[in-house]
């Protein structure tokens, strides 16, 4: 068992429910413990309930239209801080931190070079006590994953960050993106967290 397992979060684009369920089921099978639904998800409560019916994934969301209470059809009530960096905000002197957040997500947009991603990850690591999840958009995706794994952080991957291009040499779907992230983690000696481990880790 890895002493420092990695929490892998799937962040898909808005998909029709059958496709979203297929992505969630397959992603859990290859290493995801959490799925994060974006603000463009419609009928959120129904989507969350469907995912819970077919998987054991932790479900979180930045959508605002949930009306359910507790752990029924509503997303998990996890307090997450989020900061997005670009080449223009590289090594920003002032970063607004939410001290109440259970974890922080560092997101690097596609304008950042691999060197900038690695340096920025190292600089910000000294400013956070809560766990860090790292995501990279487009060309910043792979450098972000490698830097995060090396530094002991956690990963958020999916089609909301990495465009899926038919016929390309890369992963063909969201589960493929999760599988690639899990493979990188295993090569570094870090196993993907199970859902049970992730719940304990996040205190939910």
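If you filter region 30-50 down to residues that are assigned to a helix (DSSP H, G or I) and modelled with pLDDT of 90 or more, you find that the one that is farthest from residue 5 (Cα to Cα) is 46.
When 121, 115, 162, 133 are checked against the criterion of being modelled with pLDDT under 90, under 17 Å from the mean Cα position of the chain (by Cα) and in a helix (DSSP H, G or I), a single residue qualifies: 121.
Taken over region 136-158, the criterion of being surrounded by 19 or more Cβ atoms within 10 Å (Cβ to Cβ) and assigned to a loop (DSSP other than H, G, I, E, B) is satisfied by 137, 153, 158. Checking each residue in region 1-13 for being touching a helix residue (DSSP H, G or I) at 6+ places or on another chain (Cβ under 8 Å) and assigned to a loop (DSSP other than H, G, I, E, B) picks out 5, 7, 12.
Would you check if residue 27 is at pLDDT below 75 and either more than 16 Å from residue 197 (Cα to Cα) or part of a strand (DSSP E or B) (or both)? Here the answer is no, as residue 27 does not meet what is asked. Is at least one residue of region 177-196 under 18 Å from residue 56 (Cα atoms), out of contact with any helix residue (DSSP H, G or I) (no Cβ under 8 Å at 6 or more places or on another chain), at pLDDT 90 or above and part of a loop (DSSP other than H, G, I, E, B)? Yes, that holds for at least one residue. Entry remark, region 90-112: residues being over 17 Å from residue 150 (Cβ atoms), at pLDDT 80 or above and not in a loop (DSSP other than H, G, I, E, B) number 2 in total.
Determine whether residue 70 is outside any strand (DSSP E or B), modelled with pLDDT under 75 and on the phi > 0 side of the Ramachandran plot. When the stated conditions are applied, residue 70 passes them.
The values are calculated or read from the model by the stated rules, or taken from the named source; none is laboratory data. The model shown is predicted, which means the values in this text are computed figures rather than measured ones. Note: ideal-geometry Cβ built from the backbone for every residue, glycine included; neighbour counts use all protein chains shown.
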